[in-house]
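So the structure is just underneath, and the comments pick up after that.
Just so it is clear, none of the values below were taken in a lab; they were calculated from the coordinates. Owing to the predicted nature of the structure, the values given are computational and were not obtained by experimental measurement. All Cβ positions, glycine included, derive from the backbone under ideal geometry; neighbour counts span all protein chains shown.
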Ligand code: HEM
C-alpha cells in the first residue's frame, strides 16, 4: 500500500489480513484518525449468502461504549462471526459468547466461581508444576520451537485439567482448536468441512466427558455444568458441549499467543527485558498487562444493534452489525501515550485485550494473567539466555493474532 486511501481498506477482505503487519497497522491508524467508524463489506462464508456489511469501530472509547451497552449492542445474533450463519450454528459454535442475558449470565455464573482470584489460587500450583514440566521437556535440547514446545502446552493442560479432559485427549484439543481459530489461514483450514470436522471431534469428546461426569461426578467444571440446573432444567448434552468447546478453545489459543508475542517483543526490546528481569515481581503486574495490550491475541468481536442508535454521532440502524477492532483500540493514540512503544511500566493501561468491559468481558482474564506471569518467571530463571532466532510465522487471520512458529535457542541445561 504505497498511497493508502480509506476507500481501499477492506477489513472484511481476507487479502487485507494477508498483508504485512505494518501495512495493516497503518490502515487502522488512518481509520482511527479519519474514519473512526466506517462501513465494510463482509467476508464470504462458503455455503452462505453474503451479509449486508458491518460497521468497523477503531477507537478505544467507541469500543468500550459498545461493549458496555449490551442492551443496545447484543451478542445473541452472532459475536464470533462477522458473516451471517444460521442461528443454531451460531449458538453451537459460540455458546455463551454468542448469547445475551439473562441466559448468558445464568450459564456464565455456573462456572465463574472457578475463575475468581481466590479459586485460582488452587490452580496456581498446577500452573507452576506444568510450566516446569514444559521447560524440563526442552531444557537439554538447547533449541526448540517456542510456540509449540514452550508457549502452547501449559495453557492447554491447565484448561483441560479444569474442564476434565484426560491427558490422552489434550493433543486432539490442541489440533482442533488450531483449526477452529485458524480460519483464514490455508495451513489450517481449506474449506468449511475442515472447520465443521474440528467442531465435531470436540463435540464428540465433550459428549463422552459430559455423560461420564453425569454417571461419575468429579471435581471439575464438566461435573458442575452437567449437574447444574438453569431455570429448573439441566443443560442438554449439546449445550454442555458448546460451552465445553468455548472453554477449551478460548483457554488455550489466546494465552499461548500472548506468551509468544510477549517473548518476541521482549526480544526486540532488550532494555525492557533487562528491566523486568532486574525486578521480576516489582514489574510483573504491569508487564503482563502490557504484553496483552501489545499482543492483542483476539483481534475482534462483533455485536448487533438491537435498536436505531448512534455511536459518537454515527447513526447505526437496528440490525446493523458493529465490529470492535481490539487491535486498533490498543494502539489508539487517544487512549495510550506513545502506543507503539512497548513499555512494561505502562500505567494506567486500559487496554481492550480482554474486551472492552460489559457482560462478556473475558472470563479467563485472571487465569491468563497468572499463566503469563508464571511462564516468564520460570523462563527467566531456568532458560535465562533464551533468544528468538528468526522472525515468527504469523497466523493469517482477522480473528486471532496468532504466531504459528518461532524458533529459539538457549544454553542446554538439566
Ligand atoms: C491472554 C489471554 C486471553 C485473551 C486475550 C482473551 C480475550 C478474550 C476476549 C477479547 C473476549 C471477548 C470479550 C468481549 O466480547 O467483551 C473473551 C471472552 C471469553 N474468554 Fe478469554 N481471553 C484470554 C484467555 C482466556 C482463558 C485462559 C479462558 C479460560 C477458559 C478464557 C475464556 C473466555 C470465555 C469463556 C469468554 C466468553 C465470556 C462471555 O461471553 O461471557 N479466556 N476473551
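What is the calculated FRET efficiency for residue 382 to residue 194, with r their C-beta to C-beta distance and R₀ = 30 Å, to the nearest 0.05?
For residue 382 and residue 194, the calculated efficiency is 0.20.
How many angstrom lie between the Cα centre of region 254-306 and the Cα centre of region 104-166?
Distance between centres, Cα-based: 17 Å.
Report, in whole Å, the centroid distance computed from the Cα atoms of region 342-371 and region 45-78.
With region 342-371 and region 45-78 each reduced to a Cα centre, they are spaced 20 Å.
Given C-alpha coordinates of region 181-293, what is the ratio Rg to Rh with the Kirkwood estimate of Rh?
My calculation puts Rg/Rh at 1.15.
Fewest first, what order do 69, 227 take by the number of other Cβ atoms within 10 Å?
Arranged by neighbour count, lowest to highest, 69, 227 become 227, 69.
Can you give the Rg to Rh ratio for region 312-400, taking only C-alpha atoms and Rh from Kirkwood?
When Rh is taken as the Kirkwood radius, the ratio is 1.04.
Arrange the following residues from fewest to most other Cβ atoms within 10 Å of their Cβ: 318, 170.
With the fewest neighbours first, 318, 170 line up as 318, 170.
When you count, for each residue, the other Cβ atoms within 10 Å and take the mean per peptide, how do 384-391, 252-259 rank with the highest first?
Taking the mean over residues of other Cβ atoms within 10 Å, the ranking is 252-259, 384-391.
So what's the convex hull volume per residue for the Cα atoms of region 32-128, in Å³?
In region 32-128, the Cα convex hull volume per residue is 171 Å³.
Could you give me the radius of gyration and the Dmax of region 6-409, taking only the C-alpha atoms into account and expressing both in angstrom?
20.5, 61
Would you mind ranking 29, 321 by Cβ crowding within 10 Å, fewest neighbours first?
With the sparsest Cβ surroundings first, the list reads 29, 321.
How high is the relative contact order of region 6-409, in percent, with contacts defined as C-alpha pairs under 8 Å that are six or more residues apart?
24 percent
To check you understand DSSP bridge types, tell me what percent of the beta bridges within the chain (both residues inside) are antiparallel, rounded to 5.
Roughly 85 percent of the beta bridges in the chain run antiparallel, per DSSP.
In deg cm²/dmol and to the nearest 500, what is the mean residue ellipticity at 222 nm of the chain if only DSSP H runs of at least 4 residues count, each as -39500 (n - 2.57), divided by the residue total?
-15500 deg cm²/dmol
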